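Undergrad: There's a structure below that I have some questions on.
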Amino acid sequence: MKAIAMSSRDGDLNLIDARQPAPGPGNVVVEIAAAGINFMDIGVRRGMAWSDVPEPKVIGVEGAGRVIALGEGVTGFTIGDRVAWVYAPGSYAEQVEVPEGALVPVPDAIDHRTAAAIMMQGLTASHFATDFYAVQPGDVALVHAAAGGLGLLLTQIVKLRGGTVIGRVSSAAKAEVARNSGADHVIVDADGHFADQVLALTGGEGVNVVFDGSGPATFAGSLASLRRSGTFCWFGPVLGGPGPIDIMSLPKSIKLGYAVFSDHIPTPELLRERSAQLFQWVIEGKLRVEIGGLYPLADAARAHGDMESRRSTGKLLLIP
């Protein structure tokens, strides 16, 4: 079986011949049709996570495909079922072993690539706009990296809930992508100088909520963009944090929190409920998944480079 593995010594991604997985009790083996590429994977490659996993470690956590083997005690799936998952280590491969509780069924109307593309970022966007901050009709949200895979889905979900979106993108080339997903206003800014434009667009009041995964360079601007009692959703550890914060220095009685992925879908029941909702929105034409790049499995390093350079838009996938 072919897979992409890395060594923490250099972070290089290499195509290797890996052991064919065999399902343990409660697990299944899936033949992967598409694997999602995420900043989480870049964090692993940089040594920020999975330090206890022996090398060479096969990276990737997200994907979709077809069940080809069942472990003892599996009752919810049969061989041939189409499934997707959001967290199964070792997903940059032709096959992967996944616990039954980490899988969701994929409807016939959803293709494998769409299913793989919506899991991590769709579930994250859903959590941000419903649990972390329940967007209400009339709310105004500032969405950073609005042309990225997460930003595009988050923009659409905020709009589905009746909100207005101010999207920030890093280049003029990405502005139309953000507008096509429903952003009401788009700010082009690569240096963190966007707060004055946000305030101008909101009549000086500021936004109800900021969704910021762009790293330390945007932290101060995001604070300045909030209205009184606004909510700051900070996420994305790969680009780093803002450093120590004096809580008494936070302005305008804002609420500041860090969104951790493991809290998005803490139970198999919630995982399946939220993913089913995402699939249904896609089927009904209410949610559009933008796949920005398809790469052969052997080109995983090039895909990472495109994501890190911010050249890409939408969701990037590996095709084994």
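The values are calculated or read from the model by the stated rules, or taken from the named source; none is laboratory data. The model shown is predicted, which means the values in this text are computed figures rather than measured ones. Counting neighbours? That spans all protein chains shown, and the Cβs are built from the backbone with ideal geometry, glycine included. The protein model used for the area step is the full one, side chains on, heavy atoms only, and it has no ligands, DNA or RNA in it. Shrake-Rupley method; radii C 1.70, N 1.55, O 1.52, S 1.80 Å.
Undergrad: In degrees from 0 to 90, rounded to the nearest 10, what is the angle of the helix 268-283 Cα long axis to the longest principal axis of the chain?
TA: Once rounded, the angle reads 70 degrees.
Undergrad: Same structure again: Would you mind checking Lys2/Lys57; Lys252/Lys315; Lys252/Lys286; Lys174/Lys286 for any pair whose Cα atoms are more than 24 angstrom apart?
TA: Working: Lys2/Lys57 13 Å; Lys252/Lys315 35 Å; Lys252/Lys286 35 Å; Lys174/Lys286 22 Å.
The pairs that break the limit, which is 24 Å between Cα atoms, are Lys252/Lys315; Lys252/Lys286.
Undergrad: Given 0.36 nm per residue, what is the gain on full extension from Arg66 to Ile79 after removing their alpha carbon distance, in nm?
TA: Here the segment from Arg66 to Ile79 would lengthen by 3.9 nm.
Undergrad: For region 174-188 and region 203-255, compute the distance between their C-alpha centroids and round to whole Å.
TA: If you average the Cα positions of each part, the centres end up 21 Å apart.
Undergrad: Run the accessible area of region 211-316 with a 1.4 Å probe and give the carbon-and-sulfur part as a rounded percent.
TA: Details: 2920 of 5240 Å².
After summing per-atom areas, the C and S share lands at 56 percent.
Undergrad: Per-residue counts of other Cβ atoms within 10 Å, averaged by peptide: what ranking do you get for 52-58, 300-306, 140-146, highest first? Mind showing how you got there, number by number?
TA: Working: 52-58: 13.1, 300-306: 18.7, 140-146: 28.1.
By packing density, highest mean first, the sequence is 140-146, 300-306, 52-58.
Undergrad: With a 1.4 Å probe and every protein chain kept in, tell me what percent of the accessible surface of region 1-132 is carbon plus sulfur.
TA: Answer for region 1-132: carbon and sulfur cover 50 percent of the accessible area.
Undergrad: Is there a quick way to get the dipole size of region 98-245? I mean about its Cα centre, with the Cβ of Lys and Arg at +1 and of Asp and Glu at -1; what is the value in debye to the nearest 20? Working shown, then result.
TA: On the way: 8 positive and 12 negative charges, 31 e Å.
So the dipole magnitude of region 98-245 works out to roughly 140 debye.
Undergrad: Which order do Ile4, Ile291 take by accessible area at a 1.4 Å probe, largest first?
TA: Result, largest first: Ile291, Ile4.
Undergrad: Once you have the Cα-Cα distance between Lys286 and Leu250, take 0.36 nm times their residue separation minus that, and quote the gain in nm to one decimal.
TA: Taking 0.36 nm per residue and subtracting the Cα distance, the gain is 9.3 nm.
Undergrad: Determine the per residue accessible area of region 96-255 with all protein chains present and a 1.4 angstrom probe, expressed in square angstrom.
TA: Result: 38 Å² of accessible area for each residue.
Undergrad: Placing unit charges on C-beta atoms (Lys and Arg positive, Asp and Glu negative, everything else neutral), compute the dipole magnitude of the chain about its Cα centre in debye, rounded to 20. Before the final figure, lay out each step's value.
TA: On the way: 26 positive and 33 negative charges, 122 e Å.
Dipole about the Cα centre, nearest 20: 580 debye.
Undergrad: Here's a follow-up. Can you compute the helix-only [θ] at 222 nm over the chain? Use -39500 (n - 2.57) per DSSP H run of at least 4 residues, normalise by all residues, nearest 500 deg cm²/dmol.
TA: Working: 8 runs with 83 residues, N = 320.
Value at 222 nm, helices only, nearest 500: -7500 deg cm²/dmol.
Undergrad: Counting only DSSP beta bridges with both residues in the chain, what percent are antiparallel, rounded to the nearest 5?
TA: Counting DSSP beta bridges with both partners in the chain, the antiparallel share is about 55 percent.
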